[in-house]
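Only the coordinates and a few stated rules stand behind these numbers; no lab work does. All figures in this text were calculated on a predicted structure; none of them were measured in a lab. We place every Cβ from the backbone using ideal geometry, glycine too, and count neighbours over all the protein chains shown.
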Amino acid sequence: MMVDLSGVTYFYPNQPTPALRDVDLRVPTGSFVLLVGPSGAGKSTLLRCFNGLVPHFYGGALRGRLRVGGRDPVAAGPRGMSDVVGFVFQDPESQFVTQLVEDELAFAMENHNYDQRRMRRRIEEVLDQLAIASLRDRRVETLSGGQRQLVAIASALTLQPSILVLDEPTSQLDPQAADDVLTVLQRLNQDLGLTIILSEHRLERVAQYADQICYLPGGGQPPLSGEPRAILEGIELAPPLVQLGRRLGWRPLPLTIKESQPFALQLKVRLEQAPIPSQSIRATPKSRATVTRSGKSTMLVVRDLWYRYNNHDVLKGVDLEARSGEVVALMGRNGAGKSTLLKNIVGLLKPQRGSVHFQGMDVHKTDLATLARRIGFVPQNPGRLLFNDTLAQELLFTCRAQGLPPNDVEPLLASLGMSQLAAAYPRDLSVGERQRAALASILIAKPQMLLLDEPTRGLDYASKERLRGLLQDLSRNGTTIIMATHDVELVAQCASRVILLGDGQIVDDGPTSAIMTGSAVFASQVNKLLRDERYLTVDDVLTGLGESPGGR
Amino acid sequence: MFRAEAWGAWVLASLLPLLLTKNPIYLLLAIFVVGIVYMRLGRSSPTGRQWSLLLRLGLALGLFSVAFNVLFVRVGATQIARLPALRVTLGGALIQIGGVVTLESLIYGLSQALSLAGILVTLATFNALADHYELLRSTPRFLYQSAIVVSIAVTFVPQMMAVQGEIREAQALRGHRFRTLRDLPPLFVALLAEGLERSITLAESMSARGFGSQAERPLPPRSVLQIIIALALFVVMGGAAALAYPPTSTAGALLLAAGGGMLAAVLWSINQGVRRSRYRRGVWRRADSLIAGASLLSLVIWLGVWFYDRSALIFYPYPQLTWPPVQPLIGLAILLSLAPVCAHHDPRTSHDG
C-alpha cells in the first residue's frame with residue numbers, strides 16, 4: 001500500500017470539533033485517487049496529512065496511524081516526506097519561490113543536495129514528461145494559469161516522488177487548460193505508475209480518470225472509499241452525467257461521454273417519442289432571445305470598448321447590451337479579457353476608447369460610490385472583501401458603507417446555506433464558503449446589476465445549486481447578472497445568454513443553448529452527449545421525458 | 001544582465017548616501033543616478049511596474065514627512081507662512097499643530113522625504129534588475145536560510161502593494177470610502193490577512209519541497225542558542241546607541257561588529273550541517289568586476305568620509321538655512337553608481353549573464 005491511514009482524527013488548535021474523524025484510507029501503489037466532499041469537509045486537511053504539513057505546520061492534535069510511502073509523515077515531517085510526496089497547491093501563483101521556471105524546477109533538488117548533473121538530467125526529463133520544454137527560460141509571472149500549474153506539478157516531480165498530491169489543481173483554470181493538466185496527470189499515472197491523489201469539486205472533469213474515490217462527507221462522519229461507480233452511485237455529489245445515469249437507471253453507470261453513448265441513442269429515441277409537456281423543456285433559442293430582448297428594459301450598453309494594458313490590447317472594440325433580469329455568462333479561455341471587461345463595466349478601469357452606460361449613466365463619469373449602490377461586483381478572490389470579525393458584521397458593514405439601514409442578514413444567509421456561519425470569522429471559512437460570504441456581503445445591498453468574477457471557484461455541487469437558485473431568484477426580480485466563468489454546468493443551468501470572448505473580442509454572442517451546442521469546449525456534459533439545443537442540463541432531459549426534475 | 005553579487009554591491013553603494021546624509025544636493029544626485037540606471041536598464045524588466053508603485057509609495061511617505069515637519073516644527077529663522085494653529089493636550093503635554101511655517105523646517109522635511117523616496121527607489125531598481133534567486137544562491141551556505149526569508153520579503157512588498165490596490169478597488173465598489181484613518185481597517189486587515197495567507201502557502205510549498213532539510217549534525221542546545229542570540233542582540237543595540245554619539249562612535253562600531261559576529265556565528269552553527277547544492281554556476285565577467293569594483297570604491301569613500309570627516313555629510317538647516325556643503329569626492333562616490341550603465345554601454349563587457 002502506498003498510503004495506509006487508519007483511525008486518523010485531527011483537531012486544529014483550539015477547535016472543539018475534529019476536522020477529520022476516524023479516517024481509514026488505503027491507496028494501492030499506482031492508483032489515481034479522487035478526494036471529494038462538500039466545502040469545509042476537510043479535504044485539504046487530509047491531503048496535508050500525507051506529507052506531514054498537518055500537524056507539523058498547523059499544530060493541533062493528530063491521532064491514528066499513518067504510513068505514506070513506507071514512512072510515518074508525523075515522524076518524518078514535511079521536509080522528510082518531500083522526496084516521497086510531491087505536493088501541488090490550489091493557487092499556483094503563491095507557491096513559487098523563484099522567478100525562472102528552470103530555477104523553480106531545481107529548487108527542491110538543491111534542497112536535497114543533488115549534484116548538478118543529476119539535477120540537469122531530472123529537469124530535462126520532467127520538462128519532456130510534461131511537454132513544457134518551451135517554458136524553461138520563462139519568468140513564472142509571464143505564464144498562463146494552466147502553464148503555471150504544469151510548472152508547479154513539474155517542480156514537485158523533480159525529486160521523483162512516489163505520490164503526487166494535488167489540492168484542487170484545476171479550480172482556477174479554463175476548461176481547456178484544466179483538460180491539459182488532467183491529461184498530464186493521467187499520463188504520469190499510466191506511464192510512470194505514479195500514485196496520484198487529488199481533490200476536486202468539478203467531478204465532471206476528473207471522475208473518469210480515477211481508480212478510487214474517497215468521499216469525505218464532513219460533519220464528523222467517517223469517509224467512504226471505493227471504486228468510483230460504487231461511490232458515485234451513493235453520494236449526493238455527482239457530475240451531471242452520473243446524475244442522469246442514476247435517474248434513468250443506466251448500468252454500468254457511465255462516467256464519460258464515451259461510456260454514455262450507447263445509452264444516448266436510446267435516450268434520443270425516448271425524447272423524440274415523449275409528449276412534450278406544456279411547460280416547455282427549454283425554449284428554442286430564437287423565441288428565447290426574442291422574449292428576453294423584447295420584454296425588458298436595457299440596463300447596460302457597452303459600445304466599442306478598447307482597453308490597453310502593458311502595451312497590449314486586452315479589449316478590442318467590445319459591444320454589448322444587457323437587459324433587466326438577463327443572466328449573461330462571459331466565457332473564454334484565461335486571459336481572454338473577461339475580468340477586464342467586468343472591471344470596465346463597473347468603472348474600475350477606464351477604457352482608452354468607447355463607453356459604458358448603465359441605466360443611461362456613463363459609468364466612467366460617475367463616482368464609484370454612486371455606482372456601488374447600483375452595481376454589485378464580487379471579485380475573483382473573495383479575500384479582497386472580507387475583513388470583519390464575523391460574517392454577520394461583514395454584511396452589515398456593506399449596509400453602513402452604502403448608507404442603508406441595517407438589513408436582517410438571516411434570510412440572505414439562509415438562502416446561501418450559511419445561517420450557521422453568521423458568527424464565524426470569515427477568513428476561517430473554506431474557499432467555497434468564503435466565495436459565498438463575499439457574494440452575501442454584496443447582495444445585502446440589493447444591487448440592480450450583479451457582476452460576478454468566477455463565482456463557483458471552490459464551490460461544491462450543493463453550494464452551486466444554492467447559488468443557481470439565488471441567481472435565478474435575482475433574475476426573476478429584475479436583477480441583471482453578468483458573470484465571468486469557466487463553469488459550463490452553472491452556465492447551462494442559469495444563464496440565458498453566453499458571450500464568448502477570445503483575445504479581447506466578442507467571438508460569439510447568443511442564447512446559451514445555441515452557443516453550447518455549437519461549441520466542443522464550452523458545452524455542458526448533457527449537451528455534449530445529446531448535441532441538441534433543447535437539452536443542456538439533467539433537468540431539461542427529465543422534463544423532456546415528462547419526469548419530475550430533482551431527486552437524483 | 002549582470003551577476004546578482006555585482007548588483008548586491010551596487011545596491012549597498014547606492015543606499016549608503018541615502019542613509020548617511022540629509023544633504024539635499026547629495027540626495028538629489030543619488031536619486032538622479034539611480035533613476036538613470038533604472039531608465040537605461042530596468043524599464044524593460046518584467047517587474048518594472050513595481051518600480052512605479054514603490055516610487056509612488058516613496059513620494060507618499062515623502063509628502064507625509066514634509067507635512068509632518070511643516071505642521072509640528074516651528075524652529076527656524078526664515079518665516080514663510082502662517083497656518084491656523086491648533087493646540088491639543090496629549091498625555092499631559094501641550095502640542096501645537098500648525099502656526100508658523102519656516103523655510104528651514106520645510107527644507108529639512110524635504111531632505112527627509114528625499115532620503116525616504118531615494119531608499120525606496122533604489123530598492124525598487126535593485127528589485128527590477130537583480131535576479132533574487134541568483135543572489136540567494138550565491139549567499140554563503142550558513143546564511144542561506146536567512147537569505148531566502150529576506151529574499152521573499154523583498155519580493156513580497158511589491159506583490160502586496162498590487163494586492164492593496166485590488167482590495168481598495170473591491171472595498172470602494174462595496175461603497176466604502178477611504179477618507180480618514182478610521183476608514184483604513186477594511187484595507188489593512190484584509191491586506192494583513194492576505195499577506196499572512198500567502199506567506200503560509202509559500203512556506204508550506206517550500207517545506208513540501210525540502211527547504212530547511214534537517215542538519216546532519218545535532219544542533220547545540222536550544223537554550224544555549226537563545227542565550228547567545230539575546231546577548232548578541234543586546235550588544236548590537238548597545239553598539240547602535242553608542243554609534244549615535246560621536247565620542248563613543250568607534251566603540252559603537254566595534255560593538256556592532258561584535259554583535260553581528262555573534263549572530264553570524266549562531267547562524268553558522270545552526271546551518272553548518274544543512275546540505276545544499278547549486279543548480280546554476282554563473283560566470284563572473286569583466287562587467288561584473290567593473291560594477292562591483294566601482295561600488296566597493298564608493299563604499300570605501302563613504303565610510304572613509306563617515307569616519308574621518310563626518311561634518312562633510314551633515315546637513316542641518318536650523319536655526320538659519322545655509323547652502324549645503326558640497327565636496328567633489330562625495331559627488332564622485334555617488335556617480336560611481338552609474339557603473340552598470342557604463343558597463344552596459346561597453347560591447348566588450350556587456351553580456352547576457
Among A:C49, B:S289, A:G145, flag the residue with its Cα farthest along the positive direction of the charge dipole of the protein assembly as shown, charges on Cβ as +1 for Lys/Arg and -1 for Asp/Glu. B:S289
With 29 Å as the limit, write out which pairs from A:K296/A:K446; A:K343/A:K528; A:K296/A:K528; A:K258/A:K464 have Cα-Cα distances beyond it, or answer none. A:K343/A:K528; A:K296/A:K528
State the Cα centre-to-centre distance between the range A:121-177 and the range A:299-355 in whole Å. 31 Å
Gain on full stretching of the segment that runs from B:A244 to B:L19 - 0.36 nm per residue minus C-alpha separation: 79.7 nm
When the Karplus curve 6.51 cos²θ - 1.76 cosθ + 1.60 is applied with θ = phi - 60°, which whole-Hz ³J(HN,Hα) does each residue of the range A:508-525 get, with x for Gly and Pro? 7, 8, x, x, 3, 5, 6, 5, 5, 5, x, 10, 7, 9, 8, 10, 6, 4
Taking neighbour Cβ counts within 10 Å as the exposure measure, how do A:D389, A:D453, A:D191 sort from fewest upward? A:D191, A:D389, A:D453
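I'd like the projected area of the range A:1-102, averaged over all directions, using the convex hull of its alpha carbons. Report it in nm² with one decimal.
Details: hull surface 30.0 nm².
The directionally averaged projection comes out at 7.5 nm².
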Set of aspartates and glutamates with alpha-carbon distance to A:K268 below 17 Å, sequence-local pairs under 8 removed: A:E259, A:D532, A:E533, A:D539, A:D540, A:E547
What FRET efficiency comes out for A:D22 versus A:N311 if R0 is 51 angstrom and r is the Cβ-Cβ distance? Round to the nearest 0.05. 0.35
Please work out the FRET efficiency for the pair B:L225 and A:N113, using the Cβ-Cβ distance as r and a Förster radius of 30 Å; give the result to the nearest 0.05. 0.80
The range B:49-111 versus the range A:507-528: alpha-carbon centroid distance in Å: 62 Å
Antiparallel content of DSSP bridges confined to the range A:285-530, in %, to 5: 55 percent
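What are the trypsin sites (Lys or Arg not before Pro) within the range B:1-79 that DSSP puts in a loop, where the Cβ has at most 14 other Cβ atoms within 10 Å?
Answer in residue order: B:R43.
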Give the average over all directions of the projected area of the C-alpha convex hull of chain B, one decimal, in nm². 22.8 nm²
Separation of the range A:456-486 and the range A:196-220 by C-alpha centroid, Å? 23 Å
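Quick check on the exposure proxy: order A:M109, A:M119, A:M81 from fewest to most C-beta atoms within 10 angstrom.
Details: A:M109 25, A:M119 22, A:M81 28.
Ordered by Cβ neighbours within 10 Å, fewest first: A:M119, A:M109, A:M81.
Please state the shape class of the range B:177-300: rounded when a/c is under 1.5, otherwise prolate if a/b exceeds b/c and oblate if not, all from the C-alpha gyration tensor.
Rounded shape, in that the Cα axes give a/c under 1.5.
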Give the lysines reachable from A:K350 as a straight Cα distance under 18 Å; neighbours fewer than 8 places away on the same chain don't count. A:K316, A:K338, A:K365
Within 9 Å, Cβ to Cβ, of A:G383, how many net charges do the neighbouring residues add up to if Lys/Arg are +1 and Asp/Glu are -1? +1
Do me a favour and compute the ellipsoid semi-axes for the protein assembly as shown from its Cα gyration tensor, root of five times each eigenvalue, largest one first, whole Å. 53, 36, 26
Dimensionless Rg over Rh [the range A:285-530; C-alpha; Kirkwood]: 0.95
Hey, rough spin-label estimate for A:K365 and B:I314, points 7 angstrom out along Cα→Cβ, what's it come to in nanometres? 6.1 nm
Chain B: relative contact order as a whole-number percent, Cα under 8 Å and 6+ apart: 29 percent
Treat the count of other C-beta atoms within 10 Å as a stand-in for reagent exposure and order A:T340, A:T29 from fewest to most. A:T29, A:T340
Indicate the helices, whole DSSP H runs only, in chain B that combine a mean Kyte-Doolittle hydropathy of -0.5 or more with a Cα extent along their long axis of 18 angstrom or more. B:4-20, B:24-37, B:48-72, B:103-129, B:144-172, B:185-208, B:222-243, B:249-271, B:286-308
Provide Rg and Dmax in Å for the range A:392-531, with only Cα atoms included in the calculation. 16.5, 50
